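> This is the structure I have questions about; it appears just below.
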Amino acid sequence: MYLIKWTWVPILLVLVGCGQGTETGGVEPVAREARAELRAFHGAPPVIPHGVRSEGRENCLACHGEGMQAEGRIVAAVTPHPTWFNCTQCHVEPLTDALFVANTLTGLAEPEIVAMPQPFLPPYIPHRLDNYREQACETCHIGTQAAINLRPGHGPRTNCRQCHITNYTEASGFGTGVAAFPPPSP
Amino acid sequence: MDQTRRKFLKTMAASWGAGVATQLSAGNGSAETRKAARDSMLNDGTITWSKAPCRFCGTGCGVMVGVQNGRAVAVAGDMQNPVNKGQLCVKGYHLPYVLYGKDRLTKPLIKKNGAYVEAGWEEALDLIAKRFSEIRDEHGANAVSVYGSGQWTIQDGYAANKFIKGGLGCNNVEANARLCMASAVVGFVKSFGKDEPMGCYDDFEQGDVFVFWGNNMAEMHPVLFSRITERRRKANWVKLIDIATRKTRTSEASDSVLLMDPHSDLAIANGIAHLIIEKGQVNEAFVKKHCVFRADNEDIGFGMRGGKAYKKNEREISFDQYKAFVKKYTPEYVEEISGVPQGQIRELAALFGAPDKKVVSLWCMGANQHTRGTWINNLIYNIHLLTGKISEPGNGPFSLTGQPSACGTVREVGTLTHALPGGRLVANAEHRAFTEKIWKLPAGKLAPKPSNHTMSMFRKLGTGELKAMWVQVTNPMVTLPDLNHFNEGLKKHKPFIVVSDIYPTPTTAIADVILPSAAWIEREGCFGNSERRTQQWDKLVDPPGEATADSWQLIEVARRMGYGDLFPWADEAAQGEGLYEEYRQFTLGVGKDVATYSELKQARGLRWPVINGRETRWRYREGSDPYVKKGEEFSFYGNKKFGNRAVIWQRPYVDPPEKPDGDYPFWLCTGRVVEHWHTGSMTRRVKQLHQAMPSAYVELNPEDAREMGVSDGAKVKLVSRRGEIILEAAIDRRGVPKRGNLFVPFFDESKLINELTLDAHCPLSKQPDYKKCAVRVEKVTV
Amino acid sequence: MPITSVVVECQQDQTHEVRRQVDNLPNTEITKIEGDLLVVVTDTDSQKQDHALVRALADLTGVISAVPVFTNCEDLAEGIGIAPALAEHETHAPMEV
């Protein structure tokens, strides 16, 4: 007989740093900074932080189709939009450190992970989801490629969005965060 | 489980849940606190998001701009915009940074004793008005000119037209769209009597075959290209066919590549028409009911300085005469001219000819920047007219536009020397009378003759005939062909030059007065994209320093020159809607009806003609186009003089004016890359875009390179009859030219490839050919 | 076999509508209403059904989230249902105190 009292579980997760309650909400600052480094602002497509020998999408998918992990860190994130054909349309590789002319903008920062008012409440999704297909959560959160501190502290649930919400307002134009590209046929 | 135990457990569950719920509702977990926690993180009250069309290409993607503390800090694809449904390209994703390069122009600058000195607006505007007036009085109105842009808003273009044509009374208004879309415009007008595509982007989800006629769509209209590749993913019979002089990302994604010699598209298109006729695949009923055949003089020169002039001799011919003309374009002959294997010509023609295949033809600069650009546009239309594959969902020719508002502003507002708003012509007395009425001008005020197209304007600046030019939102000192020639002329005659821009460029460097402009969302405005969709955006952030909207600047000078009556809107805020709504009157009833300003504010753009709030998706087609009467099926109502029929033109292959020879054995082609917009003045100031594509290079074919002993990254010198340049060799990177061909992108202002290009243009459209001239390659020893 | 209680958070003004939908779901019973929170006790025949019912509650119109706070299952044969991959790599503490 298994009697699971769920309020206790999240408290444990808090203590182990897998849930909410710590200053950064349990996600290591290093991971968040790394995320920000690659992006012009929160929501921008990451630049390619490695050399690219061949531009074809098969080459990209070789590592980003399934994802790769090493020593507890995500080395190659699984692409959240595997059906999109033209990777280099949005993702570019820096070839130099130099600047043409400096720029004074600091783009929108990665959002803070807010401590939930009650520990067991499922954390809100603290990042944008446009351009992510449905069920893209496993990209960073589930499986061998997911950093340990990003994995959920609960069981075999596969419909993440049932409990984890984004709740952008209508005015932001993001809707529920799932892009329907391309537009449906008339 | 027995019932007692079950009951016990349910009671336990219920009371546990109740305890949690009570805890939640009290204090920290109250509904208000929970909502506040959600709102604070995800609906950050300090950011507002508003819609705008992208600042860059003619696709016209919708973006949502995030503004925080008065600055644009993020964008997202606008999921509600049907053009892109939330997807962007790498340039679009970095839009906010475009506004914040460190060297933004913030104050007017006047050249005094060889140095630029900051000045107030009053001083600068007074000076411009004074000089323009003096030059007008001494040399005549035709000595003054305005050179604008396909990146002008509709409001900017309309103000320029009214100022110069209505106020000054001369037709010296041109725009850089002359260098990118003129051939498409004249092509449309010659074939259909009216400008702009008959189809729309909805075609991309319905076509079976997509043919790219010399355009690298994967890099230049990436979001639209993604719609096409997505179509193929879902409908696996769909084929993409690339007709090109070099292999690009578009070729990589295509099912078949026809590698052609430059300029031979003229032969290929005729070759396809030939096969369609030979195989009996002409849609006879369509041709009989909806087409006429015409021919023109064919020995018409190349618009070169001192070269042969174009004399028109347009006349009707019969279908039989057309068939006789096209007879010589056999697959063998076409292979001889183009280098494309006959088999591929036949395959492509079979796809065009198959009645059950819906074919979309797409093209852009490869066809337009062409000394026979008008002809090749007509030739592509010929194929679609012969087969009746036109004005039908997923089935028709689609001329892609390069700039965000070459359509909306230059073509529709008519900021070209021969044009008036709403598709009207200065040479037409009725059109002038209509314009004079709306502009409240005395009859006869408008000049009846086109004065100077762009190349003519710049040539005359160089000879001293034109004495003043105001340049806005464009960079001709990087983009004019044969740059050295123009630079010489400018140095000699020193015309009075005013430049409005947002950053210092090689063009601001030749100015007498530099004016700081508001960029994109720093002022309200409207753009019109490739699919006739007019889009509006509000002012979302303040411009830096004292920068102002281009339209405001034009109006202020117009006032000072005594033309204030033309502009009854007191300030920038009133000018946005005021200029647009007055312009709108020109579009009504002539098949170009644009939506009202308030409709545009609410919508993610609307495709004209908009009648009773309803957009038009396919023009000239009964049921879809409100201008086509019941029972007509199709009506090309721009050609009333031809009984509302489209024209199939007899257009031959001719050699280009400069081909490779012993001294200059390579073809030079120029173009763009996805990371940079045009001359890079905006995109190079964005770290991610600059670092991904830091400097220009020359693509060589790997076998050519090997024969010359040139490896990737080595420096080589390109020499043409007009100039020379040292560039890094790019071998086997994203583009691989055909043997004997080179490609150089023009985004790098420190590598002015246009010093080598040829000042030759299509004699009908006056658009220069940036894709063909002859160069030689020399190795550089360190 | 599983008996679970779920705290369902409703959107503002939607509590009534959610209640109506829950009443139409089998194997559910609303045992408490606290503002915009409902406590729903479920009684299903298998782990699979139990999970499906929690999902169904979350998918109702007007529901922000549905979080199980108590579950009891007495059928060992079905197992506890942790996915094998997670079972290998999870590093946090076991479920029970």
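The values are calculated or read from the model by the stated rules, or taken from the named source; none is laboratory data. All values reported here derive from a predicted model rather than from experimental measurement. Positions of Cβ are backbone-derived with ideal geometry, glycine not excepted, and every protein chain shown enters the neighbour counts. With ligands, DNA and RNA removed, areas are computed over all heavy atoms of the protein, side chains included. Shrake-Rupley method; radii C 1.70, N 1.55, O 1.52, S 1.80 Å.
> Given a 1.4 Å probe and no ligands, DNA or RNA in the count, how much accessible surface is buried by C and B, both sides, to the nearest 100 Å²?
Numbers: alone 6880 and 29170 Å², together 34290 Å².
Result for this pair: about 1800 Å² buried.
> Arranged from highest to lowest average of other beta-carbon atoms within 10 Å per residue, in what order do the peptides B:48-58, B:648-658 appear?
Peptide ranking by packing, descending: B:48-58, B:648-658.
> Can you compute 3J(HN,Hα) from phi for each residue in region B:405-421, using the Karplus curve 6.51 cos²θ - 1.76 cosθ + 1.60 with θ = phi - 60°, rounded to whole Hz and x for Gly and Pro?
For region B:405-421, the Karplus curve yields 9, 4, 5, x, 9, 4, 7, 7, 7, x, 8, 9, 4, 9, 10, 10, x Hz.
> Using 0.36 nm per residue, how much length does the chain from residue B:111 to residue B:538 gain when fully extended, once their Cα-Cα distance is taken away?
Difference between extended and current length: 150.3 nm.
> Would you mind calculating the gained length between residue B:565 and residue B:438 on full extension (0.36 nm times residue separation, minus the Cα-Cα distance), in nm to one decimal?
44.5 nm
> Then there's this: Taking H placed 1.01 Å from N in the peptide plane, check which residues at least 5 places from residue C:11 or on another chain put their amide H under 5 Å from its amide H.
C:63, C:64
> By how many nm would the segment from residue B:739 to residue B:330 grow when fully extended, if each residue of separation counts as 0.36 nm and the alpha-carbon distance is taken off? Intermediate values should be presented prior to the final figure.
Numbers: separation 409, 0.36 × 409 = 147.24 nm, distance 2.43 nm.
Extra length from residue B:739 to residue B:330 when fully extended: 144.8 nm.
> Let a ≥ b ≥ c be the square roots of the eigenvalues of the Cα gyration tensor of region B:599-725; is it rounded (a/c under 1.5), or, if not, prolate (a/b larger than b/c) or oblate?
Because a/c hits 1.5 or more and a/b fails to exceed b/c, region B:599-725 counts as oblate.
> If you don't mind, there's one more thing I want to ask. Past the 18 Å Cα-Cα mark, which pairs from B:323/B:766; B:111/B:494; B:467/B:491; B:327/B:389; B:288/B:327?
Details: B:323/B:766 29 Å; B:111/B:494 13 Å; B:467/B:491 13 Å; B:327/B:389 22 Å; B:288/B:327 20 Å.
Violating the 18 Å limit, Cα to Cα: B:323/B:766; B:327/B:389; B:288/B:327.
> At a Cα cut-off below 16 Å, give the aspartates and glutamates reachable from residue B:7, other chains included and same-chain residues fewer than 8 away excluded.
List returned: C:29, C:43, C:45, C:74.
> If I model a spin label as a point 7 Å beyond the Cα along the Cα-Cβ vector, how far apart are those points for residue B:484 and residue A:138 in nm?
Once both label points are built, they end up 6.2 nm from each other.
> Follow-up. Putting +1 on Lys and Arg Cβ atoms and -1 on Asp and Glu Cβ atoms, find which of B:490, B:478, B:401 reaches farthest to the positive end of the dipole of region B:395-523.
Farthest towards the positive end: B:490.
> Can you compute the modelled spin-label distance between residue B:612 and residue B:780, with each label point 7 Å from Cα toward Cβ, in nm?
6.5
> If you don't mind, another one. Can you run phi through the Karplus equation (6.51, -1.76, 1.60; θ = phi - 60°) for region C:33-43 and list ³J(HN,Hα) in whole Hz, with x for Gly and Pro?
Result, rounded to whole Hz: 10, 10, x, 9, 10, 10, 9, 10, 9, 10, 9.
> Right, here's the next one. May I ask you to give the solvent-accessible area per residue for region B:710-782, in square angstrom, as obtained with a 1.4 angstrom probe?
Working: 2460 Å² over 73 residues.
Per-residue accessible area for region B:710-782 comes out at 34 Å².
> Follow-up. Between residue C:74 and residue C:13, what's the calculated FRET efficiency when r is the beta-carbon distance and R0 is 30 Å? Round to 0.05.
0.15
> Need one value: the accessible area of residue B:116 in square angstrom, 1.4 angstrom probe, rounded to the nearest 10.
80
> Can you tell me, using C-alpha contacts under 8 Å and at least 6 residues apart, the relative contact order of chain B as a whole percent?
19
> Would you mind computing Rg(Cα) / (2.2 N^0.38 Å) for region C:3-72, counting N as its residues?
Rounded to two decimals, the normalised Rg is 0.98.
> Summed for both chains, how many Å² of accessible area, to the nearest 100, are buried between A and B with a 1.4 Å probe? Present the calculation step by step, with values, prior to reporting the outcome.
Numbers: alone 13750 and 29170 Å², together 36740 Å².
Interface between A and B: roughly 6200 Å².
> Suppose a student asked you for the relative contact order of region C:3-72, using Cα pairs under 8 Å spaced at least 6 residues apart; what percent would you report? Write down the numbers at each step before the final one.
Values: 130 pairs, mean separation 34.0, N = 70.
Relative CO of region C:3-72 lands at 49 percent.
> Which residues' amide hydrogens lie under 5 Å from the amide hydrogen of residue B:75, considering only partners 5 or more residues apart or on another chain, with H built in the peptide plane?
Answer set, sorted by chain and number: B:66.
> Please give the FRET efficiency for residue B:494 paired with residue B:323, using the beta carbon to beta carbon distance and R0 = 60 Å, rounded to the nearest 0.05.
Values: r = 57 Å, r/R0 = 0.94.
Efficiency, rounded to the nearest 0.05: 0.60.
> Now for a different question. Protein chains only, probe 1.4 Å: how do B:430, B:531 rank by accessible area, largest first?
Greatest to least solvent exposure: B:430, B:531.
> If I model a spin label as a point 7 Å beyond the Cα along the Cα-Cβ vector, how far apart are those points for residue B:712 and residue B:2 in nm?
7.9
> Determine the shape class of chain B: with a ≥ b ≥ c the square roots of the Cα gyration tensor eigenvalues, call it rounded for a/c under 1.5, and otherwise prolate if a/b is greater than b/c, oblate otherwise. Could you put the intermediate results ahead of the total?
Numbers: a/c = 1.39, a/b = 1.15, b/c = 1.21.
Rounded shape, in that the Cα axes give a/c under 1.5.
> Could you pull the accessible area for residue B:315 with a 1.4 Å probe, rounded to 10 Å²?
Approximately 100 Å² of residue B:315 is accessible to the 1.4 Å probe.
> Of the heavy-atom accessible surface of region B:612-737 (probe 1.4 angstrom), what whole percent is carbon and sulfur?
Carbon and sulfur together cover 44 percent of it.
> What figure in square angstrom, to the nearest 10, would you give for the accessible area of residue B:659 with a 1.4 Å probe?
Number for this one is 90 Å².
> Need the list of aspartates and glutamates near residue B:107 for cross-linking: C-alpha distance under 17 angstrom, and skip anything on the same chain fewer than eight residues off.
Straight-distance partners of residue B:107: B:118, B:122, B:123, B:126, B:501, B:512, B:522, B:542, B:546, B:550, B:556.
> Check residue C:70: other-chain or 5+ apart residues with amide H under 5 Å from its amide H, H built from backbone geometry?
A:6, C:5
> Between residue A:83 and residue B:703, what FRET efficiency follows from the Cβ-Cβ distance if R0 is 35 Å, with the result rounded to 0.05?
The value I calculate is 0.45.
> Could you tell me which of rounded, prolate or oblate describes region B:381-508, using a ≥ b ≥ c as the square roots of the eigenvalues of the alpha-carbon gyration tensor, with rounded for a/c under 1.5 and, failing that, prolate when a/b is larger than b/c and oblate otherwise?
Because a/c hits 1.5 or more and a/b fails to exceed b/c, region B:381-508 counts as oblate.
> By a straight-distance test (C-alpha under 21 Å), which lysines pair with residue B:687 as possible cross-link partners, with residues fewer than eight away in the same chain excluded?
B:91, B:102, B:751
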